[in-house]
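The values are calculated or read from the model by the stated rules, or taken from the named source; none is laboratory data. Note that the structure is a prediction, hence the values are computed from the model and not measured. All Cβ positions, glycine included, derive from the backbone under ideal geometry; neighbour counts span all protein chains shown. Areas reflect the complete protein model, heavy atoms only, side chains present, ligands, DNA and RNA absent. Shrake-Rupley method; radii C 1.70, N 1.55, O 1.52, S 1.80 Å.
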Amino acid sequence: MKTKAILLLFLITSCMVSAQHGVSGYVDMTNQALLKQKVYVSQIVPNQKTNTYNDKIITSSIIAEDGFFSFDQNVFKPKDHIYKIQLYPLSSEEKDLISDTIKNFKLFILSKKDTIHFKKSETLFAEYTTSNLANREWQKLKRFQTTYEDLSDNFDTEEYLMKTKGYVKDSLQILLVKLIGIKKLDDKGLLTKDVKEHPEYYMDFLHELKSSDLDPATYAYLENKLLVITRQITNQRYEFSLWINIIAFVLIIALSMLLIALRKKIKKTSSIPLSKQEKAVKELIISGKSNKEIANELFISLSTVKTHITNIYSKLNIAGRQDLFLKK
C-alpha cells in the first residue's frame, strides 16, 4: 500500500513538473562532439536601426545523459513572441565547421501558456509538436514559401510577389505571422513595390498592429518603412502636380498668345473696304493735302472730311497719317 502511494505521488509530481515545461525535448548528442552539452534559448529582438533582428540569450539548460532538456514556462513572455533554441560550439575554432555542416538552431513562436516539445532525431530540433497556433501557422507559411522559392536563375520575382502577398493577406490569420511574411517580402526587396501599389492595405494593417497587444518594437521596422515610402509617394505626387501646373500655365500663355495673334489676323483680313469718297480722301491725305484743302477740293464740309478720316483709320486699323503713309 505504501509502495502504491509513493508511486502515485511520483506520477502526480511528474505531471506537475511536466506541465510547467514551456519548452522541452531531446537532442541526439551522439555525433555532436563539437557542441556544448547545453541548450540555449534566445529571445529575438528587433534592431530598429538596421531593420534586422538580434538574438538575446534568456536561459539555458544542461542536457541530461539521455539527451533531455527543459525550460520553465515562466521564462517566456505572456503573449506570442519569436524565440531561438540553439546549441553552441565548444570553442570559436569549431564555429565555422558547424555553420557549414550542422544546423544547430531552430526559430519558433511561443507564449507563456503554450508548450513545444522537440523529438529526438538525427537532425537537431527538426521534429516537434506544439500547442501554439501562431507557430503552426508560421510552419504553413514556410511550406508555402518553399513552393515558390526557386533560387535558380529562373526565379520569377513577379510570380513570387503575387503568390506570397496573396497568401499572406488572405490566408494568414495571426498578426505576428503576417508580419513575418511581410518581412520576408522586404528581405527579398519586393515590399517597397507592393506598398507603392497598395498603400491603403499596408496602412490598414499597421493600424491593426497598433490596435493589437503586440510589442510595438516588433513592427517598428514596418512603421518606419511605410513612413519613408508614403513620404516618397507624397513627394512624387507633389512633383507630378507641380509639373502639371507648370505645363498648364505654359499652355495657357501659348494659347493666349495664339488667340491674340489669330484675332489680329482675322481683324486684318476681314477689314471693311473703303467707300469711293473715303478712297478719294485717303489719296488726298497721302498727297499731302490738309483737311481744309481736301474739303475745298471735294466740295464737302470740314466736319465731313474729319468723319471720313476717322472711318479710314478705323477700317485700316491705323492710328494716324504717319501710319497711312507707311501703309500705302
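The residues of region 205-219 that are farther than 17 Å from ASP80 by Cα and either open to solvent by less than 70 Å² (accessible area, probe 1.4 Å) or in contact with a Lys or Arg (Cβ under 9 Å, 6 or more places away or on another chain) (or both), listed by number, are PHE205, LEU206. Applying the criterion of being surrounded by 14 or more Cβ atoms within 10 Å (Cβ to Cβ) and assigned to a loop (DSSP other than H, G, I, E, B) to the residues of region 273-328, the residue that is farthest from the chain's Cα centre (by Cα) is ILE300. Summed over region 121-145, residues that are in contact with a Phe, Trp or Tyr (Cβ under 9 Å, 6 or more places away or on another chain) and either crowded, with 16+ Cβ neighbours inside 10 Å or modelled with pLDDT under 85 (or both) total 10.
Only a single criterion out of (1) at pLDDT 85 or above; (2) open to solvent by less than 40 Å² (accessible area, probe 1.4 Å); (3) assigned to a loop (DSSP other than H, G, I, E, B) is not satisfied by VAL23, namely (3). Of all residues in region 73-92, exactly one satisfies the criterion of being open to solvent by less than 60 Å² (accessible area, probe 1.4 Å), under 13 Å from LYS36 (Cβ atoms) and in a loop (DSSP other than H, G, I, E, B), namely SER91. Taken over region 121-150, the residue count meeting the criterion of being closer than 14 Å to PHE105 by Cα and charged (D, E, K, R) is 2.
Candidates in region 102-120 are the residues that are of a type in the set (Lys, Arg) and out of contact with any Asp or Glu (no Cβ under 8 Å at 6 or more places or on another chain); of these, the one that is most open to solvent (accessible area, probe 1.4 Å) is LYS113. Cβ separations smaller than 7 Å between residues 6+ apart or across chains give the following pairs from region 299-328 residues that are charged (D, E, K, R) to residues that are open to solvent by 60 Å² or more (accessible area, probe 1.4 Å): LYS315/ILE272. For region 26-60: of the residues being part of a loop (DSSP other than H, G, I, E, B) and loosely packed, with under 15 Cβ neighbours inside 10 Å, which is modelled with the lowest pLDDT? Checked region 26-60; the qualifying residue modelled with the lowest pLDDT is GLN48. Residue-level check: of (1) open to solvent by 50 Å² or more (accessible area, probe 1.4 Å); (2) farther than 30 Å from TYR202 by Cα, THR234 misses just (2).
Considering region 146-185, and only residues there that are modelled with pLDDT under 85 and touching a Phe, Trp or Tyr at 6+ places or on another chain (Cβ under 6 Å), the residue that is nearest to LYS113 (Cα to Cα) turns out to be TYR167. Restricting attention to region 194-218, the residues that are charged (D, E, K, R) and in contact (Cβ under 8 Å) with a residue 12 or more places away in the chain add up to 5. Being at pLDDT 85 or above, under 12 Å from the mean Cα position of the chain (by Cα) and more than 21 Å from ILE82 (Cα to Cα) is a property that does not hold for LEU222. Quick check on LYS225: is it closer than 30 Å to LYS79 by Cα and among the basic types (Lys, Arg)? Considered against the rule, which asks whether it is closer than 30 Å to LYS79 by Cα and among the basic types (Lys, Arg), LYS225 comes out as yes.
In region 181-190, the condition of being surrounded by fewer than 18 Cβ atoms within 10 Å (Cβ to Cβ), under 16 Å from PRO46 (Cβ atoms) and among the acidic types (Asp, Glu) is met by at least one residue.
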